[in-house]
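Quick notes on the structure that follows.
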Amino acid sequence: MSFMKEVINGSIDIWNRYLEHPFIRELALGTLDEEKFKGYIIDDSIYLREYARIFAYAMYKSKRMADIQLFYNILSFVNESENYTRIYYLQKFGLTQEQVEEMEARPENKAYIAFMRNIVLNHEIPEILMAVLPCMLSYKYIAENVFKPVSHRKDNPYWEFMKDFLTEEFFNNCAKWYLFAEKKCKNLAAERKAILLEIFRSSSEHELQFWDMSYRKRKIM
C-alpha cells in the first residue's frame, strides 16, 4: 500500500462523517439555511487568508525550486478558483472582503489555524503537507461522493460553490498534491510516518469541527 493510501485510510472514518454531516447534505440538496452558509463563507475567507500564509512559510522552508513552484502553483489555483466564488457569495450577502477581514474567526476556526501554524513553525515539509492536505483532498472526497450525484441540479443556490470542486482542474491539482506528498514521505522512517499519520488525522478532525461550526448561525458583526 502506498503511504498516501495508508494516510487516508487512517482517517477515512472521519472523512465518512463529512459525507453524512447535515451541513454537507443540506448544501448538496440546496436546503441549507442561508445564514449558516453565510457564516461558513465568512470563516472560510478568514481560514483561506491564513492558509495562504502557511503556504508562504512552506515555500520559505522548501529547499528545491520544484517544491517551491508546486506550493506556489497550488496556492495560486486555490486563491484564483475559490476567491471568485467567495466574492460572489459575499457580494450576494452584502459583504465585502474588507469587512470580513475585520471579523474574528470562530473558536473552531481559530483552533484549526493555530494547529497549522504550529506545524509550519516547528516542523518540515512532510509534516506541513500532512497538516494542509486534508483540506484539499477531503473536498475532493466530498465532491465525488456527495456533490457529483446532484450535479444535474443547477438550480441549487449553492451550485456556484459546489462546482468549483467538480472541475477537472481541481481533480488534477489534487492528484499533483497527492503524488508530491507520496514522493516526500514514502521513504521516511516508520516512526516519522506514524507521526505524519497523526498530524493528518488531527487536521481531518479540525475539518470536521469546521463543518460542525458552520452548521451553527454566526454572529456577523
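Let's see how each residue does on (1) out of contact with any strand residue (DSSP E or B) (no Cβ under 9 Å at 6 or more places or on another chain); (2) in contact (Cβ under 8 Å) with a residue 12 or more places away in the chain; (3) under 21 Å from ARG216 (Cα atoms); (4) small (Gly, Ala, Ser):
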position: ALA105; (1), (2), (3), (4): yes, yes, yes, yes
position: GLU108; (1), (2), (3), (4): yes, yes, yes, no
position: MET162; (1), (2), (3), (4): yes, yes, yes, no
position: LEU166; (1), (2), (3), (4): yes, yes, no, no
position: PHE180; (1), (2), (3), (4): yes, yes, no, no
position: CYS185; (1), (2), (3), (4): yes, yes, no, no
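Selection over segment 22-51 of residues that are free of Cβ contacts under 8 Å to residues at least 40 places away in the same chain and surrounded by 13 or more Cβ atoms within 10 Å (Cβ to Cβ) gives a count of 2. Of the residues that sit in segment 134-170 and are aromatic (Phe, Trp, Tyr) and within 24 Å of ARG201 (Cβ to Cβ), which one is modelled with the lowest pLDDT? The extreme case among them is PHE170. ALA131 meets the stated requirement of being among the small types (Gly, Ala, Ser), at pLDDT 95 or above and surrounded by 19 or more Cβ atoms within 10 Å (Cβ to Cβ). Considering segment 92-107, the residues that are over 21 Å from PHE55 (Cβ atoms) and among the acidic types (Asp, Glu) include one that is nearest to the chain's Cα centre (by Cα), namely GLU104. Restricting PRO126, PRO157, PRO134 to residues that are in contact (Cβ under 8 Å) with a residue 24 or more places away in the chain, over 16 Å from the mean Cα position of the chain (by Cα) and within 30 Å of VAL100 (Cβ to Cβ) narrows the list to PRO157.
With respect to the stated conditions, ILE68 fails to be part of a helix (DSSP H, G or I), open to solvent by less than 10 Å² (accessible area, probe 1.4 Å) and β-branched (Val, Ile, Thr). Scanning segment 52-61 for residues that are surrounded by fewer than 16 Cβ atoms within 10 Å (Cβ to Cβ) and small (Gly, Ala, Ser) yields ALA52, ALA56.
The set of residues in segment 79-94 that are free of Cβ contacts under 8 Å to residues at least 60 places away in the same chain and either over 16 Å from TYR47 (Cα atoms) or of a type in the set (Val, Ile, Thr) (or both) comprises ILE87, GLN91, LYS92, PHE93, GLY94.
The values are calculated or read from the model by the stated rules, or taken from the named source; none is laboratory data. In this text the structure is predicted, and so the values were computed from the model without any measurement. We place every Cβ from the backbone using ideal geometry, glycine too, and count neighbours over all the protein chains shown. For the accessible areas, the whole protein counts, side chains as well, though only heavy atoms, and no ligand, DNA or RNA atoms are used. Shrake-Rupley method; radii C 1.70, N 1.55, O 1.52, S 1.80 Å.
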